[in-house]
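Working notes, beginning with the structure itself.
The values are calculated or read from the model by the stated rules, or taken from the named source; none is laboratory data. This one's a predicted model, so the numbers in the text were calculated from it and none came from an experiment. Every residue, glycine among them, receives a Cβ derived from its backbone with ideal geometry; neighbour counts consider all protein chains shown. Keep in mind that these areas ignore ligands, DNA and RNA; they rest on the heavy atoms of the full protein, side chains included. Shrake-Rupley method; radii C 1.70, N 1.55, O 1.52, S 1.80 Å.
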Amino acid sequence: MNQPQHAVPWWQSGVIYHLYVRSFKDSDGDGNGDLAGILQQLDYLSETLKVDALWLSPVYPSGGIDAGYDVTDHTNLDPLFGDLSLFDRLLAEVHRRALRVILDFIPNHTSDRHPWFLASRSSREHPKRDWYVWADAQEDGSAPNNWLSHWGGSAWEWDAHTRQYYLHTFHKAQPDLNWRCQALKEAMFAVVSFWLDRGMDGLRIDSAHYILKDPALRDNPPNLYPELTAYKPLGEYDSQLHLYDRDHADTHGIYRDLRRLLDEYERLDPHHPRLMLGEVSLFDWSQWVTYYGAALDELHMPFNFGLLGAIRTAREVRQVVDAVESILPAGAWPCYVLGNHDESRIASRVGEARARIAMMLLLTLRGTPVVYYGDEIGMHDVHIPASRIQDPWELRVPGQGFGRDPERTPMQWDKSTHAGFCQANALPWLPLAEDAKECNVASQLADASSMLTLTRSLIHLRHSSTALTVGSYSSFSQVPEGCLVYERSGPHERWLIALNFTNEEQFIRLAEGSHGYLVLSTHLDRQGAVDLSVLSLRANEGCLIVMEIQDQRVHLS
Ligand code: NOJ
Ligand code: MG
């Protein structure tokens with residue numbers, strides 16, 4: 001096997017770990033994960049898992065409404081997590097281990113308690129009035145148009161003092177910024193520079209495709225076929241086609257400028273490539289792909305969220321991956337996820353056996369894998385009693401399944417009280433899973449057949465193979481229903497990945513007389529030479545098979 005080529009930037013060859021700071025590790029007994037907790041667990045990340053980069057959920061002071069996504073100060077640390085000097089220490093230690101840090105950057109909105117918004121709402125004449133999206137009421141006093149908040153109800157909130165409405169795509173405590181205002185744009189770019197100067201390796205841009213809307217504020221048309229436009233129901237928000245309240249063409253100019261800023265840092269320090277990763281939850285790939293930029297001069301990678309829904313069946317996964325592969329321009333690099341802090345846990349969505357297949361898929365696809373914390377041990381959604389709900393979406397639209405606390409619960413480290421997340425006498429901010437005594441890092445490290453062992457093996461194999469890291473992808477059509485088979489090829493190797501998404505044994509028939517070497521099964525119980533004229537896969541089994549490219553006998557169709 002060949003080492004991955006060094007010409008490839010870290011964000012392309014590496015595995016990103018999505019670390020939900022408040023739930024990772026509490027160091028000071030307040031029941032909230034913090035930066036010092038991350039410092040304590042760096043061996044786990046860099047030595048045990050061997051991931052390459054950490055995406056930290058928002059760490060800034062916030063209004064406490066939306067888990068840090070309602071920022072009150074962009075250039076400081078929430079005291080819950082630490083302070084700037086601790087951040088610098090963490091970054092230095094992370095870099096010493098050749099890891100990287102990606103910070104959440106939230107350009108669409110701030111908290112309504114951010115000094116910018118307080119100034120903006122103080123009077124219509126204030127120079128910062130224009131930093132947010134304000135509009136007059138209609139003649140009858142109603143909201144300027146029919147735009148809806150993601151979390152139910154109008155996206156407009158009346159401000160009695162200045163007698164105008166302000167826009168909020170999310171919670172009313174998260175007023176939308178106005179990126180058409182040059183001063184605001186400069187202020188937000190200065191925020192990015194602040195963190196780049198400190199050494200941040202990349203940013204994950206929150207709600208990236210929302211930042212610019214129709215300047216004429218036209219009404220959205222009704223959505224007659226919600227099931228075609230969303231991968232999961234979002235309630236009232238699905239009743240419209242979101243033509244005018246997001247994804248405006250001018251957005252691309254902003255990202256081109258932001259990319260220029262990052263590129264300038266890279267030009268001055270070519271050994272420190274910086275990443276722009278963006279949350280673009282669009283499911284029309286021709287629309288989604290525009291965020292790479294016409295000249296690949298915008299986001300390095302917009303997340304691709306296609307697997308979230310597709311993971312149900314082999315056929316849907318193939319449709320998504322093949323469609324994404326065929327639409328990506330040369331040089332554009334995909335980025336996949338199985339879940340995140342906004343989605344039900346993969347193990348709860350598809351079950352434990354299939355979560356293993358999903359992990360093998362994620363870590364063998366062409367594209368940067370982003371692993372959500374806890375998925376490496378197969379953590380499940382945790383039931384949250386009503387009295388402990390934190391998520392504003394659940395509080396605003398209760399009982400309809402929108403709550404995101406179940407997938408944000410504390411990391412399960414060992415079988416001690418609170419699973420080693422915090423001290424025994426502390427109250428964790430969200431309850432621990434009931435199965436934490438069995439499902440935790442320590443017990444899975446000691447178990448050769450565990451999900452953690454599988455995840456570690458997959459990351460290790462990906463790192464050790466150019467083909468699995470940056471090789472080409474092609475899928476096979478002549479396979480049984482319920483199976484997904486694809487090949488990853490590099491100059492010196494070919495890998496075959498065969499995944500059985502069904503509850504029955506399946507037989508994959510490839511070329512007569514061809515052979516390979518099975519390196520890893522999701523069941524972690526077999527290895528060795530396999531006959532590829534008929535490859536048998538047990539129920540819910542995935543296999544990673546290597547074939548020497550020089551072996552002329554192997555001709556797969
Ligand atoms: C997307 C984030 O992932 C989500 O958690 C947040 O609530 C919204 N953006 C609003 O910032
Ligand atoms: Mg703490």
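In this structure, is residue 224 assigned to a loop (DSSP other than H, G, I, E, B) and under 24 Å from residue 184 (Cα atoms)?
Values: assigned to a loop (DSSP other than H, G, I, E, B): yes; under 24 Å from residue 184 (Cα atoms): no.
Answer is no for this residue.
Check 404, 366, 388 and return the single one that is outside the structural domain of residue 490 (by TED's automatic domain parsing) and within 24 Å of residue 518 (Cα to Cα).
Working: 404 fails: within 24 Å of residue 518 (Cα to Cα); 388 fails: within 24 Å of residue 518 (Cα to Cα).
366 is the lone residue from the list that is outside the structural domain of residue 490 (by TED's automatic domain parsing) and within 24 Å of residue 518 (Cα to Cα).
For residue 26, all conditions in the list (1) more than 14 Å from ligand 2 (Cβ to nearest atom); (2) charged (D, E, K, R); (3) open to solvent by less than 20 Å² (accessible area, probe 1.4 Å); (4) touching a helix residue (DSSP H, G or I) at 6+ places or on another chain (Cβ under 6 Å) hold save one; what is the number of the exception?
(1)
For the list (1) part of a helix (DSSP H, G or I); (2) of a type in the set (Val, Ile, Thr); (3) over 28 Å from residue 44 (Cα atoms), I need the number of the one condition that residue 455 fails.
(3)
Can you pull out the residues in the range 101-132 that are surrounded by fewer than 24 Cβ atoms within 10 Å (Cβ to Cβ), in contact (Cβ under 8 Å) with a residue 60 or more places away in the chain and farther than 20 Å from residue 174 by Cα?
Selection gives 101 alone.
Could you tell me which of the residues 325, 343, 316 is out of contact with any strand residue (DSSP E or B) (no Cβ under 7 Å at 6 or more places or on another chain) and in contact (Cβ under 8 Å) with a residue 12 or more places away in the chain? Show your work before the answer.
Values: 325 fails: out of contact with any strand residue (DSSP E or B) (no Cβ under 7 Å at 6 or more places or on another chain); 316 fails: in contact (Cβ under 8 Å) with a residue 12 or more places away in the chain.
Result: 343 is the single residue among 325, 343, 316 that is out of contact with any strand residue (DSSP E or B) (no Cβ under 7 Å at 6 or more places or on another chain) and in contact (Cβ under 8 Å) with a residue 12 or more places away in the chain.
Of the residues 263, 247, 219, 297, which is open to solvent by 70 Å² or more (accessible area, probe 1.4 Å) and under 30 Å from residue 130 (Cα atoms)? Walk me through how you get there before you give the answer.
Numbers: 263 fails: open to solvent by 70 Å² or more (accessible area, probe 1.4 Å); 247 fails: open to solvent by 70 Å² or more (accessible area, probe 1.4 Å); 297 fails: open to solvent by 70 Å² or more (accessible area, probe 1.4 Å).
The conditions single out 219.
For residues that are without any contact (Cβ under 8 Å) to a residue 12 or more places away in the chain, within 16 Å of ligand 1 (Cβ to nearest atom) and within 23 Å of residue 347 (Cα to Cα), scanning just the range 385-402, find the one that is surrounded by the fewest Cβ atoms within 10 Å (Cβ to Cβ).
401
With the requirement that a residue be of a type in the set (S, T, N, Q), open to solvent by less than 10 Å² (accessible area, probe 1.4 Å) and at pLDDT 95 or above, what does the range 481-532 give you? Lay out the reasoning, then the answer.
The first filter runs over the range 481-532 and keeps only residues of a type in the set (S, T, N, Q), leaving 489, 500, 502-503, 506, 514, 521-522, 527.
Remaining after also requiring open to solvent by less than 10 Å² (accessible area, probe 1.4 Å): 500, 514, 521-522.
If the condition is that a residue be of a type in the set (S, T, N, Q), open to solvent by less than 10 Å² (accessible area, probe 1.4 Å) and at pLDDT 95 or above, then 500, 521, 522 are the ones that fit.
Within the range 418-427, can you find the residues that are surrounded by 21 or more Cβ atoms within 10 Å (Cβ to Cβ) and not in a helix (DSSP H, G or I)?
Residues satisfying the conditions are 421, 422.
Restricting to the range 87-137, name every residue that is assigned by TED's automatic domain parsing to the domain that holds residue 262, touching a Pro at 6+ places or on another chain (Cβ under 9 Å) and among the aliphatic types (A, V, I, L, M).
103, 106
Condition first: open to solvent by 30 Å² or more (accessible area, probe 1.4 Å) and basic (Lys, Arg). Can you find one or more residues in the range 403-410 that meet it?
no
Determine which member of the set 342, 322 is open to solvent by 10 Å² or more (accessible area, probe 1.4 Å) and under 13 Å from the mean Cα position of the chain (by Cα).
Values: 322 fails: under 13 Å from the mean Cα position of the chain (by Cα).
Exactly one residue qualifies, and that residue is 342.
Based on this model, can you work out whether residue 192 counts as more than 23 Å from residue 403 (Cα to Cα), assigned by TED's automatic domain parsing to the domain that holds residue 395 and not small (Gly, Ala, Ser)?
yes
So residue 6 passes all but one of these: (1) more than 16 Å from ligand 2 (Cβ to nearest atom); (2) modelled with pLDDT of 95 or more. Which condition number does it fail?
With (1) more than 16 Å from ligand 2 (Cβ to nearest atom); (2) modelled with pLDDT of 95 or more applied to residue 6, the lone miss is (2).
Given 164, 174, which one is more than 16 Å from ligand 1 (Cβ to nearest atom) and not hydrophobic (A, V, I, L, M, F, W, C)?
Working: 174 fails: more than 16 Å from ligand 1 (Cβ to nearest atom).
Just a single option satisfies the conditions, and that option is 164.
The rows are residues; the columns are (1) aliphatic (A, V, I, L, M); (2) without any contact (Cβ under 8 Å) to a residue 60 or more places away in the chain; (3) surrounded by fewer than 21 Cβ atoms within 10 Å (Cβ to Cβ).
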site: 17; (1), (2), (3): no, no, no
site: 30; (1), (2), (3): no, no, yes
site: 61; (1), (2), (3): no, yes, no
site: 66; (1), (2), (3): no, no, no
site: 71; (1), (2), (3): yes, yes, no
site: 86; (1), (2), (3): yes, yes, yes
site: 99; (1), (2), (3): yes, yes, no
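For the range 324-339, check the following and say yes or no: at least one residue is aliphatic (A, V, I, L, M), touching an Asp or Glu at 6+ places or on another chain (Cβ under 7 Å) and assigned by TED's automatic domain parsing to the domain that holds residue 393. Break it down stepwise before answering.
The initial filter retains those residues of the range 324-339 that are aliphatic (A, V, I, L, M), namely 324, 327-328, 330, 332, 337-338.
Remaining after also requiring touching an Asp or Glu at 6+ places or on another chain (Cβ under 7 Å): 338.
Now drop any that are not assigned by TED's automatic domain parsing to the domain that holds residue 393, which leaves 338.
There is at least one residue in the range 324-339 that is aliphatic (A, V, I, L, M), touching an Asp or Glu at 6+ places or on another chain (Cβ under 7 Å) and assigned by TED's automatic domain parsing to the domain that holds residue 393.
Considering 291, 265, which residue is of a type outside the set (A, V, I, L, M, F, W, C) and away from ligand 1 (no atom under 16 Å from the Cβ)? I'd like the intermediate steps shown before the answer.
Numbers: 291 fails: away from ligand 1 (no atom under 16 Å from the Cβ).
Checking each option against the conditions leaves just 265.
Could you say which residue among 208, 135 is farther than 30 Å from residue 271 by Cβ, open to solvent by less than 20 Å² (accessible area, probe 1.4 Å) and touching a Leu at 6+ places or on another chain (Cβ under 8 Å)? Spell out how you get there, then give the answer.
Working: 208 fails: farther than 30 Å from residue 271 by Cβ.
None of the others qualify; the one that does is 135.
Scanning for something within 30 Å of residue 100 (Cβ to Cβ), away from ligand 2 (no atom under 16 Å from the Cβ) and open to solvent by less than 60 Å² (accessible area, probe 1.4 Å), does the range 161-169 turn up at least one residue? Steps first, answer last, please.
Restricting attention to the range 161-169, the residues satisfying the condition of being within 30 Å of residue 100 (Cβ to Cβ) are 169.
Subset that is away from ligand 2 (no atom under 16 Å from the Cβ): 169.
Add one more test, that the residue is open to solvent by less than 60 Å² (accessible area, probe 1.4 Å), and what stays is 169.
Looking for residues that are within 30 Å of residue 100 (Cβ to Cβ), away from ligand 2 (no atom under 16 Å from the Cβ) and open to solvent by less than 60 Å² (accessible area, probe 1.4 Å), one finds at least one in the range 161-169, hence yes.
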